[in-house]
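The values are calculated or read from the model by the stated rules, or taken from the named source; none is laboratory data. Every value quoted in this text rests on a predicted model; they were computed, and no experiment measured them. Here the Cβ positions follow ideal geometry from the backbone for every residue, glycine too, while neighbour counts run over all protein chains shown.
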Amino acid sequence: MAIHSFYVIAWDSGQPLYSRTWVEVTDNPTLLSGLLASVELLALKITSQHVDMVTMRNSRFFFKVDDENGILLVFITDISDDPTRFGDYLDMLHNRFLENFSDITSHIPVYQRDPRRASVFDELVDSLISHWETGEATLQTAKVMDLFDVFTQFYNVTLQKILTTQSRDMHFTDIQRILSAHLKADPALRPVTLDKHGVISFDQVDPERVKLLGLDDTLSMILKELVAIAHRTRRRQSYETLFFEHYVPLIKSEQERIEEYELQKKIVMELL
């Protein structure tokens with residue numbers, strides 16, 4: 001997780017009232033503040049609604065408009081970050097900003113109005129961001145490990161229960177190629193192992209280094225191609241029998257995580 005910047009902007013003028021930057025987005029915060037305010041104004045004119053989030057190629061912009069106090073608050077984050085909790089984070093900083101700067105109707109930046117209070121607020125914001133980043137990193141690592149665990153079970157059932165030993169041996173090079181082709185997208189996935197018995201393991205992978213964005217797609221494509229081999233080596237009736245014998249119990253046992261991570265299409269549909 002990486003929060004690039006936090007902005008508080010005068011809603012009517014686009015004037016930056018407060019900004020805190022950890023990853024440089026631009027060397028002109030005044031220009032960026034005006035642009036962010038323009039995005040909200042444009043959305044309001046076209047749809048009569050405020051925009052909450054805008055996704056760009058490498059960044060996400062989270063918006064919160066406080067009409068009563070005439071301010072716009074914005075987070076800029078990595079594209080890979082889970083957006084679920086950023087609205088809550090922005091709400092908390094919004095409240096803290098109001099508590100610390102009651103005279104926000106002025107268009108004078110807080111540093112110019114009260115440098116001491118601004119410096120204290122910097123420390124507060126830095127502390128909150130640090131705690132949130134630690135929490136988000138922990139949650140992300142847990143999700144990576146969950147995805148590894150769920151997909152590994154389906155991989156290994158496919159290779160050990162759906163394929164015969166003879167078919168697995170015959171297609172072993174193809175299986176290695178499938179893993180190599182898809183795992184190269186993230187260097188952190190390279191330690192994945194495959195043994196001669198058809199056991200795929202992520203035990204040597206450091207989940208903290210793995211990119212969460214797109215991971216489910218990568219793992220799903222591997223499953224899709226492994227299942228395609230199974231389809232080619234089994235008659236339809238035989239595959240259907242094995243489907244109900246091995247896949248269905250696994251789907252039931254993993255139903256909670258499949259639903260939590262929205263893997264119905266990426267797992268269940270690939271097996272049919």
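Assorted remarks:
- SER201 vs. criteria closer than 30 Å to ASP82 by Cβ, assigned by TED's automatic domain parsing to the domain that holds GLU259 and of a type outside the set (A, V, I, L, M, F, W, C): yes
- Hits in the stretch 200-220 (condition: surrounded by fewer than 16 Cβ atoms within 10 Å (Cβ to Cβ) and not in a loop (DSSP other than H, G, I, E, B)): SER201, GLU208, ARG209, ASP217
- Residue match in the stretch 154-162 (condition: outside any helix (DSSP H, G or I), in the same structural domain as SER253 (by TED's automatic domain parsing) and out of contact with any Lys or Arg (no Cβ under 6 Å at 6 or more places or on another chain)): no
- In this structure, GLY70 does satisfy being of a type outside the set (Lys, Arg) and modelled with pLDDT of 85 or more.
- Candidates SER19, SER59: the one that is under 30 Å from PRO207 (Cβ atoms), at pLDDT 65 or above and either surrounded by 12 or more Cβ atoms within 10 Å (Cβ to Cβ) or not polar (S, T, N, Q) (or both) is SER59.
- THR84 meets the conditions (1) at pLDDT 80 or above; (2) within 17 Å of ALA2 (Cβ to Cβ); (3) not in a strand (DSSP E or B) in every case but one. The failed one is (1).
- Leading residue by the ranking (modelled with the lowest pLDDT) among those in the stretch 108-159 that are among the aromatic types (Phe, Trp, Tyr) and crowded, with 19+ Cβ neighbours inside 10 Å: PHE121
- Within the option set LEU250, LEU223, being under 25 Å from the mean Cα position of the chain (by Cα) and part of a helix (DSSP H, G or I) holds for one residue only, LEU223.
- Of residues in the stretch 87-104 being outside any helix (DSSP H, G or I) and touching a strand residue (DSSP E or B) at 6+ places or on another chain (Cβ under 9 Å), the one farthest from VAL8 (Cα to Cα): PHE101
- Members of the stretch 161-170 that are surrounded by 20 or more Cβ atoms within 10 Å (Cβ to Cβ) and of a type outside the set (Lys, Arg): ILE162, LEU163
- Among the residues of the stretch 253-272, those identified as touching a residue at least 40 places away in the same chain (Cβ under 8 Å) and aliphatic (A, V, I, L, M) are ILE258, LEU263, ILE267, LEU271.
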